[in-house]
């Protein structure tokens, strides 16, 4: 399972301004990986959706700068 | 952008779409998640992103060619700006829009769907991939937006769900009454069935608020599961109040519920909110 969205929490990202994030869990709920997108050097402030690409190998992610 | 789902790494494929009105002014954008990456177009063999979003409150739909090998930048293959229902329309309602999801037709590789909201109501549109031309458009008079979809593999049928803000009182549905709705449609735009799933708010003075945020189709058992954000007292067991719980409803292909499961914080009166297309 992959979850994406926006966080304004400094617990999950470096500061309280908007950061996009993605994280992955396995089907038992174990955390696999997670990323926030730092809103200075890599300006993605929100993740609005994601869907597997046609080959089923990569995840296409739409976000807002 | 393109992510490896096993590691979360994005080593390539970060693309930025931006239009500058002047050297210092950029438009206001809105995204709801409408994105699909076709890595081998059935006709040309090229890689295309299909996406839709709002720019200055108008829907833009784009097919972006991404060169398979380095050396050339991405190129907009075609793009369309949707007709804007302007101030001559009687109500602001008709200018509300949410390009929510893009998905492909598994039977006819020449077409794709854009679902969400257009002209103030839930919408399903079918487009030709090669030129972006509209094949048909279904407007749901009893739905405010289509938030999620589920395609039946190798069949013409697909399912959609969302909600109906019955009073059209505001663009923000935080306090208004809304009912969840699910439908089954085929690739010619025929509505096979439409079903409303809604209940009563335990606090009788508060609005009924039930919305559908996710759908999943199990082709092995021919069953549909809907993910709902509900206040319906008929589906909740503990400490009912004017706050949202989550419900999963298992249905057959005709929309008849088989069983349901509610997820709540038991005696803690916390809202559980869901994102669009969340299942």
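Just so it is clear, none of the values below were taken in a lab; they were calculated from the coordinates. Everything quoted here is computed from the prediction, not taken from an experiment. Note: ideal-geometry Cβ built from the backbone for every residue, glycine included; neighbour counts use all protein chains shown.
Points to keep in mind about this one:
- Calculated FRET efficiency, residue B:69 to residue A:26, Cβ-Cβ distance, R0 = 35 Å: about 0.55 to the nearest 0.05.
- Sites residue A:43 and residue B:109 - FRET efficiency at Förster radius 45 Å, r taken between beta-carbons, to 0.05: 0.80
- Fluctuation leader among B:190, B:101, B:79 - chain B, Gaussian network, Cα springs under 10 angstrom: B:190
- The distance linking the range B:240-279 with the range A:1-60 is 24 Å (Cα centroid to Cα centroid, whole angstrom).
- For chain B, averaging the sequence separation of C-alpha pairs within contact (under 8 Å, six or more residues apart) and dividing by the residue count gives a relative contact order of 9 percent.
- Debye intensity ratio in log₁₀ form over the Cα atoms of chain A, taken at each q of 0.11, 0.12, 0.25, 0.29 Å⁻¹: -0.26, -0.31, -1.07, -1.21
- Translational diffusion of the range B:1-146, µm² s⁻¹ [Kirkwood Rh, Cα pairs; Stokes-Einstein; 4 °C; 1.567 mPa s]: 78 µm²/s
- GNM flexibility winner over chain A from A:26, A:46, A:55 (Cα, springs under 10 Å): A:55
- Sorted fewest first by neighbouring Cβ atoms within 10 angstrom, B:166, B:115 come out as B:166, B:115.
- Fully extending the segment from residue B:269 to residue B:220, taken as 0.36 nm per residue of separation minus the present Cα-Cα distance, adds 13.9 nm.
- Choice from B:137, B:36, B:15 showing the highest fluctuation, given a GNM over chain B with Cα pairs closer than 10 Å: B:15
- The range B:149-279: projected area of the alpha-carbon convex hull, averaged over directions, in nm²: 8.2 nm²
- Extension reserve of the residue B:131-residue B:83 stretch, reckoned as 0.36 nm per residue once the Cα distance is removed: 15.6 nm
- Label-reachable residues, the range B:180-206, where backbone N falls under 17 Å from a point 7 Å from residue B:262's Cα toward its Cβ: B:180, B:197-206
- For chain B, the share of alpha carbon pairs falling in successive 10 Å distance bins from zero is 6, 26, 32, 24, 10, 2, 0 percent.
- Compactness index (Cα Rg / 2.2 N^0.38 Å), the protein assembly as shown: 1.00
- For the range B:133-211, the relative contact order is 24 percent, taking Cα pairs closer than 8 Å that sit 6 or more residues apart in sequence and dividing their mean separation by the residue count.
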